[in-house]
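Asker: Shown below is the structure under consideration.
The values are calculated or read from the model by the stated rules, or taken from the named source; none is laboratory data. The structure presented is a predicted model; accordingly, all values stated were derived computationally and were not measured. Note: ideal-geometry Cβ built from the backbone for every residue, glycine included; neighbour counts use all protein chains shown.
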Amino acid sequence: MGSYSERNGTDGTGDAMTDGTAGARGAAGEHGGGGGGGGERAARRDAAVRAAVEQGLLGPGAPLVGLLDVTGVRESAAALRAAFAEVTAPGTPVLHAFAVKASPLVAVLRLLGAEGIGAEVASPGELALARAAGLPPDRTVLDSPAKTPAELREALALGIAVNADNPQELDRIDALMRSAPSRSPLGIRVNPQIGGGDISSTSTATATSKFGVALRDEGAREWVVRAYAERPWLSRLHAHTGSQGIPLELLARGVAETYALAEEINERLGRRQIDTLDIGGGLPVNFGSDAESPTYAEYARLLARTVPGLFDGRYGLVTEFGRSLLAKHGTVVARVEYAKSAGGRPVAVTHAGVQVATRTVYAPQSWPLRIAAYDAKGRAKTGPEVVQDVAGPACFAGDLLAEGRALPLLEQGDYAAALDTGAYYFAHHYAYNSLARPGVYGFVAGGERAADGSGGVVFATVREPQRVEEIVAESGGAHADALTALGSP
């Protein structure tokens, strides 16, 4: 068997609560507390849904919206910063870089930037969004398993941090550094191959994961050490174990493996060449209730117990959290267009389905969502719970937000709200049936109901609802004659 670089062709998530499976069938709309600020957050959500109806953001002509709780987002950002500050030696450089893929919306990135959070980007589009949000290069990290030469050239020219995914990519960086030395912090992403969690698609440290240099493959660890020895400008080491479905202990083990490798490299090189560890993100989200569990503080304290040297000031730190910063603070709200029954089971046909909740529709066991019921005026529904389906608008039978769910009976003109959808839901549109992207609105709620009917809730547009004309344009409307003009052979 050849060397690691020869074989690679170099050429110049947790327990039932945290993985989202708990309460998947029985969870109705929960409007009470649940710890972790859940009661206040639920109250703000209820106020926002009612105000959205009263102010016309929701209604017959606008049957689907995404609502984002700005106060909640700010609280999560503050909790993240505080959790790591508690365990980190004073003066240690720490960059919390938001994984842009979790919510690629410019206003969201700018809000997080104002709260001291940078950006982790994985494509030219995500980098463009981060730059549009005003996030500076020195608070931006580029990660991707498929970076093109143009992407690398741009990142190095801007001074953006880059984690090389594999030997071939490092060869490309070599060539760019020879032609135009860069101030970008540069490192290598490694895969500690320590196993996966409950959801295979979000487990990135398995034996055969596509990400990073697989450390337990023959010759790989030695190749990594040699790569640093030959390149004094490599100063970072990066690993990411996974996200939803990964237990905290496995996340901590991945960080420990990365730390141990950094220590080994620095010792073997006789110098502290690696000065920063990028430990990724991946804190799982509890989709079973309003409680925020696990918390950033719990994770940071676990890391401090497991890898105490990580926080003694010898290494700068980078984190890349995404879902955990936003999920609890977003709600997809859809109007019930029709209420019917099939086989004796009530079915609420809504405007939210696969186009906004793609993972939930295609993999409901891994990605269940809680559903809250609101009446036609946007008020939380009470009364006996009835087992029913909450269906989406797409033309296939599996387009269901929830199946066999016990809820107050949803009737025509009511609203069904998919909770915990602030990340990877309304920002990621799937254009099935050419369904339009919903408008997204941030809100701040507080105080008594205002005399003007606003309910004490103020909204700001994050993204306009997509117009039919835009759908036509994106579908090649300007090239309608392109194929018929080719004629026959």
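Asker: Anything in segment 253-311 that is among the small types (G, A, S) and part of a helix (DSSP H, G or I)? List them, or say none.
Answerer: Passing the criteria: G254, A256, A260, A262, A297, A300, A304, G309.
Asker: A further question follows. Counting only residues that are in contact with a Gly (Cβ under 7 Å, 6 or more places away or on another chain) and buried (at least 22 other Cβ atoms within 10 Å of the Cβ), how many does segment 260-284 have?
Answerer: The number of residues fulfilling the criteria is 4.
Asker: A further question on this structure: Take the residues of segment 440-466 that are of a type in the set (A, V, I, L, M) and either within 14 Å of L105 (Cβ to Cβ) or modelled with pLDDT under 60 (or both): which is surrounded by the most Cβ atoms within 10 Å (Cβ to Cβ)?
Answerer: Taking the candidates together, the pick is V440.
Asker: Hey, does segment 240-252 have a residue that's among the hydroxyl-bearing types (S, T, Y), in a helix (DSSP H, G or I) and either under 24 Å from R183 (Cα atoms) or in contact with a Leu (Cβ under 6 Å, 6 or more places away or on another chain) (or both)?
Answerer: No, every residue in segment 240-252 fails to be among the hydroxyl-bearing types (S, T, Y), in a helix (DSSP H, G or I) and either under 24 Å from R183 (Cα atoms) or in contact with a Leu (Cβ under 6 Å, 6 or more places away or on another chain) (or both).
Asker: Pull out all pairs, ordered by first then second residue, where Cβ-Cβ is under 8 Å, the residues are six or more apart or on different chains, the first lies in segment 160-174 and is within 15 Å of R226 (Cβ to Cβ), and the second is among the hydroxyl-bearing types (S, T, Y) and surrounded by fewer than 22 Cβ atoms within 10 Å (Cβ to Cβ).
Answerer: If the second residue must be among the hydroxyl-bearing types (S, T, Y) and surrounded by fewer than 22 Cβ atoms within 10 Å (Cβ to Cβ), the pairs left are P167/Y4; P167/S5; P167/T10; L170/T10; D171/T10.
Asker: Take residues that are under 24 Å from the mean Cα position of the chain (by Cα) and tell me which of the strands (runs of 3 or more DSSP E) falling wholly in segment 333-430 contain 1 or more.
Answerer: 371-374, 400-408, 415-418
Asker: Still on this structure, I have one more. Of all residues in segment 263-286, which are in contact with a Ser or Thr (Cβ under 9 Å, 6 or more places away or on another chain) and either within 13 Å of R236 (Cα to Cα) or at pLDDT 95 or above (or both)?
Answerer: Q273, I274, D275, T276, L277, D278, I279, G280
Asker: Those residues that are among the small types (G, A, S), crowded, with 18+ Cβ neighbours inside 10 Å and either in contact with a Phe, Trp or Tyr (Cβ under 7 Å, 6 or more places away or on another chain) or in a helix (DSSP H, G or I) (or both), I need them from segment 122-152; list them, please.
Answerer: Listed by number, the list holds a single entry, A130.
Asker: Could you give me the residue pairs with C-beta distances under 6 Å whose first residue belongs to segment 286-302 and is on the phi < 0 side of the Ramachandran plot, whose second residue is among the hydrophobic types (A, V, I, L, M, F, W, C) and crowded, with 23+ Cβ neighbours inside 10 Å wherever it lies, and which are 6+ apart or on separate chains?
Answerer: Y296/L80; Y299/L283
Asker: Give me the pairs, please: first residue somewhere in segment 141-158 and in the same structural domain as A122 (by TED's automatic domain parsing) and over 23 Å from V94 (Cβ atoms), second residue anywhere and basic (K, R) and assigned to a helix (DSSP H, G or I), beta-carbon distance under 6 Å, and either six or more positions apart or on two chains.
Answerer: What qualifies is P149/R172; L152/R172.
Asker: Follow-up. Between a first residue in segment 452-478 that is at positive phi and a second residue that is surrounded by 12 or more Cβ atoms within 10 Å (Cβ to Cβ) and at pLDDT 95 or above, which pairs have beta carbons less than 7 Å apart while being 6 or more apart in sequence or on different chains?
Answerer: From residues that are at positive phi, the pairs are G453/E54; G455/A47; G455/R50; G455/A51; G455/E54; G456/A47.
Asker: Please give the number of the condition T382 fails out of (1) over 19 Å from G66 (Cα atoms); (2) surrounded by 18 or more Cβ atoms within 10 Å (Cβ to Cβ).
Answerer: Unmet for T382, out of (1) over 19 Å from G66 (Cα atoms); (2) surrounded by 18 or more Cβ atoms within 10 Å (Cβ to Cβ): (2).
Asker: Sticking with this structure for a sec: Going by the conditions given, is V53 in contact with a helix residue (DSSP H, G or I) (Cβ under 6 Å, 6 or more places away or on another chain) and modelled with pLDDT of 95 or more?
Answerer: Taking the combined requirement at face value, the residue does not satisfy it.
Asker: Which residues, counting only those in segment 236-259, are touching a Phe, Trp or Tyr at 6+ places or on another chain (Cβ under 9 Å) and surrounded by fewer than 23 Cβ atoms within 10 Å (Cβ to Cβ)?
Answerer: Passing the criteria: L248, A252, Y259.
Asker: Have a look at A391, A397, A372 and point out the one that is among the small types (G, A, S) and under 12 Å from V333 (Cα atoms).
Answerer: A372
Asker: With the condition kept exactly as written, say whether any residue in segment 318-330 is of a type in the set (G, A, S), farther than 29 Å from T88 by Cα and either at pLDDT below 95 or in a strand (DSSP E or B) (or both).
Answerer: Within segment 318-330, one or more residues are of a type in the set (G, A, S), farther than 29 Å from T88 by Cα and either at pLDDT below 95 or in a strand (DSSP E or B) (or both).
Asker: Residues of segment 475-489 being more than 38 Å from the chain's Cα centre (by Cα) and either assigned by TED's automatic domain parsing to the domain that holds S434 or in a helix (DSSP H, G or I) (or both), which ones?
Answerer: Once the filter is applied, which keeps residues that are more than 38 Å from the chain's Cα centre (by Cα) and either assigned by TED's automatic domain parsing to the domain that holds S434 or in a helix (DSSP H, G or I) (or both), segment 475-489 yields T484, A485, L486.
Asker: Out of A300, A291, I need the residue that is over 18 Å from H240 (Cβ atoms) and surrounded by 16 or more Cβ atoms within 10 Å (Cβ to Cβ). Which one?
Answerer: Going through A300, A291 in turn, the sole match is A291.
Asker: Here are some conditions: (1) of a type in the set (A, V, I, L, M, F, W, C); (2) modelled with pLDDT of 95 or more; (3) within 27 Å of E403 (Cβ to Cβ). A22 meets all but one. Which one does it not meet?
Answerer: Of everything listed in (1) of a type in the set (A, V, I, L, M, F, W, C); (2) modelled with pLDDT of 95 or more; (3) within 27 Å of E403 (Cβ to Cβ), A22 misses just condition (2).
Asker: Answer yes if at least one residue in segment 2-14 is modelled with pLDDT of 50 or more, of a type in the set (S, T, N, Q) and buried (at least 22 other Cβ atoms within 10 Å of the Cβ), and no otherwise.
Answerer: no
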